[in-house]
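Structure record follows, encoded as structure tokens.
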Amino acid sequence: MSKGKFALGAFLGASIGAVAALLSAPKSGKETREDIKRKANELKTEAQSKADVAKNKAGNIKSDVEAKAKDFGDRAENAIQGARDGFNKK
């Protein structure tokens, strides 16, 4: 979790720094707007990529949890059935 917070902080810091640099650069308004639009598109693409990675990780975790829950349920069912069989034999 600490790495994720650091990465988010670094990403936000870089973004804010990039915007500040664009706004303080000695360029015309048109050039500055184009730079901002380009940078916004880059950031959007990067954010989408990170969201896709997170979505894939979440899907993997969900699959693992479902598999473990099914395994636990199967084991519990087998244990109950074993107890019933043992009880019925007496």
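The values are calculated or read from the model by the stated rules, or taken from the named source; none is laboratory data. These numbers were taken from a predicted model, which means no experiment stands behind them. Glycine also receives a Cβ, built like all others from the backbone with ideal geometry; neighbour counts cover every protein chain displayed.
Points worth noting:
- Test result for ASN78, more than 21 Å from the chain's Cα centre (by Cα) and either in a loop (DSSP other than H, G, I, E, B) or modelled with pLDDT of 85 or more (or both): yes
- Matching residues in region 24-76 - criterion: being of a type in the set (Gly, Ala, Ser), surrounded by 10 or more Cβ atoms within 10 Å (Cβ to Cβ) and over 23 Å from ALA7 (Cβ atoms): ALA25, SER63, ALA67, ALA69, GLY73, ALA76
- Of the residues in region 11-21, none is exposed (fewer than 10 other Cβ atoms within 10 Å of the Cβ) and either on the phi > 0 side of the Ramachandran plot or free of Cβ contacts under 8 Å to residues at least 24 places away in the same chain (or both).
- Failed item in (1) touching a Phe, Trp or Tyr at 6+ places or on another chain (Cβ under 9 Å); (2) not in a helix (DSSP H, G or I), with PRO26 passing the rest: (1)
- When VAL53 is tested against (1) modelled with pLDDT of 85 or more; (2) over 26 Å from the mean Cα position of the chain (by Cα), just one condition goes unmet, and that condition is (2).
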